[in-house]
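Read the structure below first, then the notes.
Rule-based calculations on the coordinates, nothing more; no lab input. Small disclaimer: the values here were computed from a predicted structure and weren't measured. Backbone-built Cβ (ideal geometry, glycine too); neighbour counts: all protein chains shown.
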Amino acid sequence: MLELLSPVPPGWGGNLLRGLAHSLQIAFGAFSLGLVIGTFGAYGKLYGGPVIRDITAIYTTIVRAVPELVLILIIYYAGTDLINHILEAMGYARIDISGLVAGIVVLGFVQGAYATEVLRGAIKSIPQGEIEAARAFGMSPGVMMRRITLPAMLPHALPGLANLWLIATKDTALLAVVGFSELTLETRQAAGATKAYFLFYMAAGLLYLLVTLTSSAIIGRVERWARRGMPSVKEA
Amino acid sequence: MKAFLKTAVTAGTLIVAAMGAAGAETIKVGIAAEPYPPFASPDASGKWQGWEVEMAMAICEEAKLDCVITPVAWDGIIPALLTKKIDMITASMSITEDRKKTIDFSDKYYNTPTVVLGSRDVEMDATPEGMKGKVLGVQVSTVHQVYAKKHFADTAAEIKEYQTQDEANQDLAAGRIDATQADSIAMETFAASDTGKACCEIKGKVADDIEVLGPGVGVGLRKDDTELKEKINTAIKGIRENGKYDAISKEYFNFDIYGG
Amino acid sequence: MAETAVQTFRITPEKNGATQTRRLAPHRIVLALIGLGLVAAAIYFLRWDWLPDYYDLILQGLWRTIWILVVTCILGFLLAVPLGLAQAAGPKIVAVPARIFCTVIRGTPLLLQLWLLYYGLGSLFPQYPWIRGSELWPYLRQAWPYAVLALTLSYAGYEGEVMRGAFAGVPKGQLEAARAFGMRRFTIFRRIWLPQAIHRALPTLAGEAVLQLKATPLVATITVVDLYAVASRVRQDTFITYEPLLLLAAGYLVITGVIVFLFRRLEGLIPSKLG
């Protein structure tokens, strides 16, 4: 039974690992894109004008209320269609958006909404005095962000961001519905071809769990580093 | 911040440019991402194989097209075609009037009867009366779903819809449904497998309904793609005549899959 | 790893601090008009002629979605209380399994759990004829018990983590005071510990319920006909791609709104003065 999991054909282990690599690629890309969107979103929500603030609020509310599965389908089909319509209208050639890029964009868009909230909360938890002091020293906004805001908010943002990373790794499974060959779809195909459903779903579950546990261990270290010199927090 | 934005924009442009370059010239042949043996299923090295995959490549070769096999979820295969993620569908898609409203089809490249596969423990046949009180599983957006709804909905206890035929087979083996209805070849292949032998048997062919079941399986195409359609029709005729069609079919089937 | 424990996202209107905008600032009117314009354009330009045909089916799907949501949230929460308590105060022999359960549930995708239960476990059943002969079989052969089980376990896994924090967060003094009053252990739990822990977990419950709602469409992949499955069927019957999805998104937005509203009412009912 277990030889089905061998990493070289006729075993299907290699497919699962390839799927895992795809999943991690998407998760990483989506998480990074989410961070970029989240940073802009958080700044928009905190320091933007009333219009920007309302638009970011609409964005985060909608994305957090509509199931990812539905968003993925809408953005995957409608989104690429729209881009191509616009490109054609502007006289450019159509582009072919690969499953990888589409997956990253879709999940990144979802992650961005959550990252906005996490980062906004983290920035708000920086004592006002620190920012005022930085301004008083004549720091430019860029320097202030790099030297004060980012390091000071990091410990507050890390738990939320860590959580987002874990969500990202698991949400890649949803891309199975648009036929992208990440871990869950590879598992389904392997299970369908060999009829060893239980075995393959268990194996995939273990792989996901391994990713979660490894990530948690690394995040724990990063967190300890980011919190260095701060009193340890007991959970409320 | 400005420098960062600049890099981001440049990177974005590069990605878009790269994607544009990659997508030129090749014809993307959409197949369902779910295994459907013996027509299309991936092997352990991730390569797609089966009668339909070979046939698609043969058609492409005959029409001198540069084709790549692109698996797409069955559920989204028509949107994928319409949004040009793929250029043609070779996924055992039957030619029907309903589908013709949205997409176009080539001439048929095979036609097989529709059968009902049922559990050995259940007494039934492929008629509305024989279906009485039974739970029937069909794959969504197939002619079989439409057929089952039209002919069996009144007598069957329930008609369950599955994303893939493979899952319906699995549930049949697990005893969750009493029968499933699909293409005879896919059903016979399953009935001959170890799992299939243990649980199920062919209960019979369903009565024909050309309106629902259509004239056979064709290559799905976009409506405005008449040039490609002509090329493919010529190619299908070509491989039928030069013996390639029979050569490929002989490896899989011991009867004429093209149908009458 | 306590710090990276579950964090839930609450959907509440943000207070904009010092520069609180007025309710109907001019730009909001413009935004509202743009929004209405988009809706009107969607109604006018897109195809909605399929709606009457699927009206009944949509209502059934909506009902099933809500039914699954409510049942799994309640069952999941009932399971989360012992899970949280075991982790916060239980002896190792129960704390460790509870911990492992929560980690496994939160560490693997729900879609995979669902398929493992339905197709994986389901493929094992035929090997045991006594299961098929048992009285449970009529239920086991349907899809919804697996959907309810998977979603319940998922909710319990996430909320169990929250309840652990909530139990641990009840001030020690409260429990000591209760003991000093001579309360029995179960009475302390029932009268002091549990109500306070639930009160602490309440703000996360709305967020978790919304997350649970967003998880319900996954049951469509195992043949349960919920709201999402109805929309899929419309797409497949008519080959209309976007309209059913847009309607679906709107439907989930409304349900989310209702959940948030109900929980806010609930929170408002409970006096909020914590020791």
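Tabulated data for the structure shown
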| read-out | value |
| --- | --- |
| Chain C: DSSP helices with Cα axial extent of at least 15 Å and average Kyte-Doolittle hydropathy no lower than 0.0 | C:26-45, C:51-89, C:92-107, C:144-169, C:194-215, C:242-269 |
| Label-to-label distance, nm, for residues given as C:Leu46 and C:Val71 (7 Å Cα→Cβ offset) | 3.0 nm |
| Under 5 Å, built H, 5+ apart or other chain: amide partners of B:Gly218 | B:Met93, B:Ile95, B:Tyr109 |
| Spin-label proximity, B:Glu230 to the range B:83-127 - amide N less than 18 Å from point 7 Å beyond Cα toward beta carbon | B:104-107 |
| Spacing of the two label points (7 Å from each Cα toward its C-beta) at B:Phe255 and A:Trp225, in nm | 6.7 nm |
| Cys residues of the protein assembly as shown counted as unpaired, since no other Cys beta-carbon is under 4.7 Å | C:Cys73, C:Cys102 |
| Pairwise label distance in nanometres, A:Ser6 with C:Leu24, each label 7 Å out on the Cα-Cβ vector | 7.5 nm |
| Candidates C:Gly160, C:Gly76, C:Gly133, ranked by Gaussian network fluctuation over chain C, Cα under 10 Å, top entry | C:Gly133 |
| For residues of B:181-193, the mean tally of beta carbons on other chains within 10 Å | 0 |
| Gap separating the Cα centres of the range B:27-104 and the range B:193-260, nearest whole Å | 13 Å |
| Cα gyration tensor category, rounded, prolate or oblate, for chain A with a/c compared to 1.5 | oblate |
| Summed residue charge, Cβ within 12 Å of B:His151's Cβ, Lys/Arg positive, Asp/Glu negative | -3 |
| Mean Kyte hydropathy of -1.0 or more with a Cα span along the axis of at least 15 Å, helices from DSSP in chain A | A:13-47, A:50-65, A:99-124, A:150-171, A:183-194, A:197-226 |
| Mean-position separation - Cα centroids, the range C:69-137 and the range A:130-186, in angstrom | 32 Å |
| Peptide B:123-134 - average C-beta neighbours from other chains (10 Å radius) | 0 |
| Cα-based shape type of the range C:100-250, given that a ≥ b ≥ c are square roots of the gyration tensor eigenvalues and the cut on a/c is 1.5 | oblate |
| For the range B:159-167, Karplus couplings with θ = phi - 60° (6.51, -1.76, 1.60), whole Hz, Gly/Pro x | 10, 9, 10, 10, 5, 9, 5, 4, 5 |
| Sites B:Asp125 and C:Ile131, calculated FRET efficiency, Cβ-Cβ separation with R0 30 Å, nearest 0.05 | 0.60 |
| Inter-chain shielding of C:208-221 (mean C-beta neighbours from other protein chains, 10 Å cut-off) | 3 |
| Inter-centroid distance (Cα atoms) of the range A:188-209 relative to the range C:221-275, Å | 30 Å |
| Rounded, prolate or oblate (a/c below 1.5 giving rounded, otherwise prolate when a/b exceeds b/c) for chain B by Cα gyration tensor | prolate |
| Extension gain from A:Ala21 to A:Leu82, taking 0.36 nm per residue of separation minus the Cα-Cα distance | 19.0 nm |
